[in-house]
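Down below is the structure, laid out as structure tokens.
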Amino acid sequence: MNLSLSLPAMKPAPHLRIPTSLLAVILLAGAWLPATAQVKPVDKGVRVFSAGHSFHMFMPKMLADLAKAAGIPDHQQAGVSSIGGSYVYQHWNVADEKNILKTALRGGQVDVLTLSPIYLPDDGIENFAKLGLEHRPDIRVTIQEFWLPFDVFDLNYKKKRPELVDRNARTVAELRSINEPYYKSMDDHARELNQKLGRQVVFVVPVGQASLALRAKIIAGEAPGLKQQNDLFTDAIGHATPPLQWLTAYCHFAVIYRRSPAGLPCPPALSKDTHGEALNRLLQELAWDAVKSHPLSGVQ
């Protein structure tokens, strides 16, 4: 976020004058300070409203379970808006009399709004952020960066579905090359919105980066119980199996409550496997690493 500084119209005492070159360095450094200084864990439950599609909507219940397991009181699911394969603007375009998300935002009943945009442009993100900010000045809006449908960055995948891809054949270098333009597009958009809104309102949940790290572990044979990359997906488009679902939930927990999920109990969906406990620890570590490394997560 660009910062402007108005200097008082007075001459400093000679011994307090700062050389022009040094002042320029100080101002430049200030312009690159993190957009948020809130780094302490959130100890009290928040009201979370989630809007999205099938790569996202399994998360809210998991998040509630994690908050309970972490001993965080008063976590609330303020509501959900689920539309299959949706862009955020489709949730915005729901008629006002049926739009429970707009109603909740106007009532100041949402502390954190989680969104899962597919690709950009998507003016629904800005519309919801502005509406939420109008009625709750401290609202946080998160956008989930996720794994790519069909494992390709194709904005028109709905019109012409990509050819089937062999995910198991992907290398780490290929995955990075495919995903980085997508990550950049979402990060750039979040920065632009925050600059327009005057502070950091939009935060990024780097599920995509965490899932890429998990696939790298699978490729290296270091993911307990996961033998191939396809173990993370149920179909060609990329619907998530339990390990990827819980990795997603851990990322959201880390961003929303600004704390590591490490040490939380292994969920039943994973514990029934012989390697479940070890895999769960890995998922928690990868989620925390991705969140604390991302400049727009709010966890610096």
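There is no residue in the stretch 91-101 that is more than 18 Å from residue 144 (Cβ to Cβ), modelled with pLDDT under 90 and not aromatic (Phe, Trp, Tyr). When you go through 139, 72 one by one, which is the residue that is within 26 Å of residue 198 (Cβ to Cβ) and either of a type in the set (A, V, I, L, M) or at pLDDT below 95 (or both)? Within the list 139, 72, the selection yields 139.
Out of curiosity, is residue 243 assigned to a helix (DSSP H, G or I), over 21 Å from residue 48 (Cα atoms) and of a type outside the set (S, T, N, Q)?
Working: assigned to a helix (DSSP H, G or I): yes; over 21 Å from residue 48 (Cα atoms): yes; of a type outside the set (S, T, N, Q): yes.
So residue 243 fits the description; yes.
The residues of the stretch 183-221 that are in contact (Cβ under 8 Å) with a residue 24 or more places away in the chain, among the charged types (D, E, K, R) and farther than 17 Å from residue 245 by Cα, listed by number, are 187, 191, 196, 199. Taking the residues in the stretch 160-218 that are aromatic (Phe, Trp, Tyr) and part of a helix (DSSP H, G or I) as candidates, determine which candidate is nearest to residue 137 (Cα to Cα). Among them, the one singled out is 183.
Please state which one of 65, 96, 74 is at positive phi and surrounded by fewer than 21 Cβ atoms within 10 Å (Cβ to Cβ). Break it down stepwise before answering.
Numbers: 65 fails: at positive phi; 96 fails: at positive phi.
After applying the criteria, what remains is 74.
Kindly indicate whether any position in the stretch 156-163 is in contact (Cβ under 8 Å) with a residue 60 or more places away in the chain and surrounded by 16 or more Cβ atoms within 10 Å (Cβ to Cβ). So far as the stretch 156-163 goes, no, none of its residues is in contact (Cβ under 8 Å) with a residue 60 or more places away in the chain and surrounded by 16 or more Cβ atoms within 10 Å (Cβ to Cβ). Summed over the stretch 166-190, the residues that are among the aliphatic types (A, V, I, L, M) and either surrounded by 15 or more Cβ atoms within 10 Å (Cβ to Cβ) or within 29 Å of residue 127 (Cα to Cα) (or both) give a count of 4.
Listed here are the residues, each with its yes/no results for (1) among the acidic types (Asp, Glu); (2) part of a helix (DSSP H, G or I); (3) in contact with a helix residue (DSSP H, G or I) (Cβ under 7 Å, 6 or more places away or on another chain).
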site	(1), (2), (3)
235	yes, no, no
249	no, yes, yes
255	no, yes, yes
279	no, yes, yes
292	no, yes, no
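Does residue 296 satisfy the criteria of being over 14 Å from residue 69 (Cβ atoms) and either aliphatic (A, V, I, L, M) or buried (at least 21 other Cβ atoms within 10 Å of the Cβ) (or both)? It is true that residue 296 is over 14 Å from residue 69 (Cβ atoms) and either aliphatic (A, V, I, L, M) or buried (at least 21 other Cβ atoms within 10 Å of the Cβ) (or both).
Kindly indicate whether residue 80 is surrounded by 16 or more Cβ atoms within 10 Å (Cβ to Cβ) and of a type in the set (Val, Ile, Thr). Outline the logic, then answer.
Details: surrounded by 16 or more Cβ atoms within 10 Å (Cβ to Cβ): yes; of a type in the set (Val, Ile, Thr): yes.
Against the criterion (surrounded by 16 or more Cβ atoms within 10 Å (Cβ to Cβ) and of a type in the set (Val, Ile, Thr)), residue 80 qualifies.
The set of residues in the stretch 256-278 being over 21 Å from residue 222 (Cα atoms) and either free of Cβ contacts under 8 Å to residues at least 24 places away in the same chain or touching a Gly at 6+ places or on another chain (Cβ under 6 Å) (or both) consists of 268 alone. Residue 231 passes every criterion in (1) buried (at least 20 other Cβ atoms within 10 Å of the Cβ); (2) not in a loop (DSSP other than H, G, I, E, B); (3) not polar (S, T, N, Q) apart from (1).
The values are calculated or read from the model by the stated rules, or taken from the named source; none is laboratory data. Only a predicted model underlies this, so the values are computations on that prediction, with no experimental measurement involved. As a convention, Cβ positions derive from the backbone with ideal geometry for all residues, glycine included, and neighbour counts pool all protein chains shown.
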